[in-house]
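Okay, structure first, notes after.
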Amino acid sequence: MKRLLNIMLMFAIIIASSCVREDYFGLSPYGNIKSFLVSNQAGNAKISNDSMTVVVEIPGGIDLSAITIQTMEVSSFASADKAVGDQLDLNDPANITVIAEDGSSHVWTVKSFVASANPQLDNWQLDEWYQTASDYYEPGNSAQSTVWGTGNPGTQLLNKLATTPVDLGGSNKAAKMETLYNGLIPASLGMPISTGSLFTGFFNPDNLDPTDPQAAIEFGTPFTGRPATLRFQYQYQAGEENKDREGNALSYSDMLDIYAFLEIRFNGEVKRLATAWFRSADEVGNLTSIEILFTYGELDNTFPDYMKPADNVYVSADSAAFALPTHITFVASSSFDGANFAGAVGSTLIIDNIEMLYNN
């Protein structure tokens, strides 16, 4: 019973702390667009509250007259004259009117531009970090525009920040991920560590589950390139004692995990188009550049099972030869099995300059 009460108390604290919305007194005057995604979008929408504009990147050759809204979140208690499923003609700027709770109208302009044939992830150099309302730093220019997420929104509730910026001099920064001990009480509940992580996607506090670190993570960001190789710089040292969630010593070393999936997402189904994966226990004392090939199509038995989709769903062999992805999922972690609370305290991964290389 005591164990159950502790878990329920932790849930209550986390949920109460994470449900942060726009502050207001009386009827809310906010009429913002907070998130936006349309069909064929190639990158995160650029949303500006100051100018009330949304800018989306669309690949060349797409019919701009029939662009469908796939996701749109507006301010709490507000409504809009467009909804998910409605179409926009983005040959010219289109307008969306958001009505705040107090009845005020806010006319937003949606614009498009042609995506690069060889795109990079926004902030791929990891030089931009913004300060959150909780006074820690996350990668990107702002919470509204970043393609990057970390597990910090969950772990900071335990006063742990497992992913932090590293200043390499000048304006050059990198991401440092470290596996941290959570303390006696979380450890007694089977949650002994927080693993440093960096990923494309975002942390959704509404889905927070302290017993499942990945439950609140919505992986992936819009992306339409077909890179041949994933290149990055990294530095790594595994912690001394690799243990499972119960504190039992494991017979193998902790390892870093860095991988990228190109995916085609359509009608709620996710199909793997390409895979690039690097898992290693080797110590690397200085930032070192490495290139990992993308393998397009289904992975055969020469690849380890952990690299394959859990549901074994790939695009068809014909599509793998030419299809463009709709999304990319990139993940880096200081402990490869951190999602199961297994890892070595002190395992440290630094990563920088996450770059897509293309064959011309």
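The values are calculated or read from the model by the stated rules, or taken from the named source; none is laboratory data. Everything numeric here is computed off the predicted structure, so don't read it as measured data. Quick reminder, even Gly has a Cβ in these numbers, built from the backbone with ideal geometry, and neighbours come from all protein chains shown.
Output yes when any residue across region 103-121 is over 27 Å from the mean Cα position of the chain (by Cα), over 27 Å from L324 (Cβ atoms) and either in a loop (DSSP other than H, G, I, E, B) or among the charged types (D, E, K, R) (or both), and no when none is.
So the first thing to find is which residues in region 103-121 are over 27 Å from the mean Cα position of the chain (by Cα), and the list is 103-107.
Within this subset, residues satisfying the condition of being over 27 Å from L324 (Cβ atoms) are 103-107.
Right, trim to either in a loop (DSSP other than H, G, I, E, B) or among the charged types (D, E, K, R) (or both) and you get 103-104.
Among the residues of region 103-121, at least one is over 27 Å from the mean Cα position of the chain (by Cα), over 27 Å from L324 (Cβ atoms) and either in a loop (DSSP other than H, G, I, E, B) or among the charged types (D, E, K, R) (or both), which makes the answer yes.
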Requested in this report: Would you please name the residue that is farthest from T68 (Cα to Cα), looking only at residues in region 92-106 that are free of Cβ contacts under 8 Å to residues at least 40 places away in the same chain and surrounded by fewer than 14 Cβ atoms within 10 Å (Cβ to Cβ)?
Outcome: T97
Query - Test: residue in region 310-326 that is of a type in the set (V, I, T), modelled with pLDDT of 95 or more and more than 23 Å from G151 (Cα to Cα) - result: yes
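So is Q214 closer than 30 Å to L184 by Cα and touching a strand residue (DSSP E or B) at 6+ places or on another chain (Cβ under 6 Å) or not? Outline the logic, then answer.
Numbers: closer than 30 Å to L184 by Cα: yes; touching a strand residue (DSSP E or B) at 6+ places or on another chain (Cβ under 6 Å): no.
No.
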Query - Identity of the residue in region 212-226, within 19 Å of the chain's Cα centre (by Cα) and within 16 Å of T275 (Cβ to Cβ), that ends up surrounded by the fewest Cβ atoms within 10 Å (Cβ to Cβ) - result: F219
Requested in this report: May I ask you to verify whether T150 is closer than 21 Å to Y30 by Cβ and either touching a residue at least 24 places away in the same chain (Cβ under 8 Å) or not polar (S, T, N, Q) (or both)?
Outcome: no
**Report entry** Residues being under 22 Å from Q125 (Cα atoms) and of a type in the set (S, T, N, Q) - total across region 210-265
**Finding:** 6
Requested in this report: Output the residues belonging to region 172-206 that are of a type in the set (S, T, N, Q), over 18 Å from D352 (Cβ atoms) and crowded, with 17+ Cβ neighbours inside 10 Å.
Outcome: T179, N182, S194, T195
Query - Residue match in region 155-171 (condition: of a type outside the set (G, A, S), farther than 22 Å from A339 by Cα, surrounded by fewer than 21 Cβ atoms within 10 Å (Cβ to Cβ) and in contact with a Pro (Cβ under 6 Å, 6 or more places away or on another chain)) - result: no
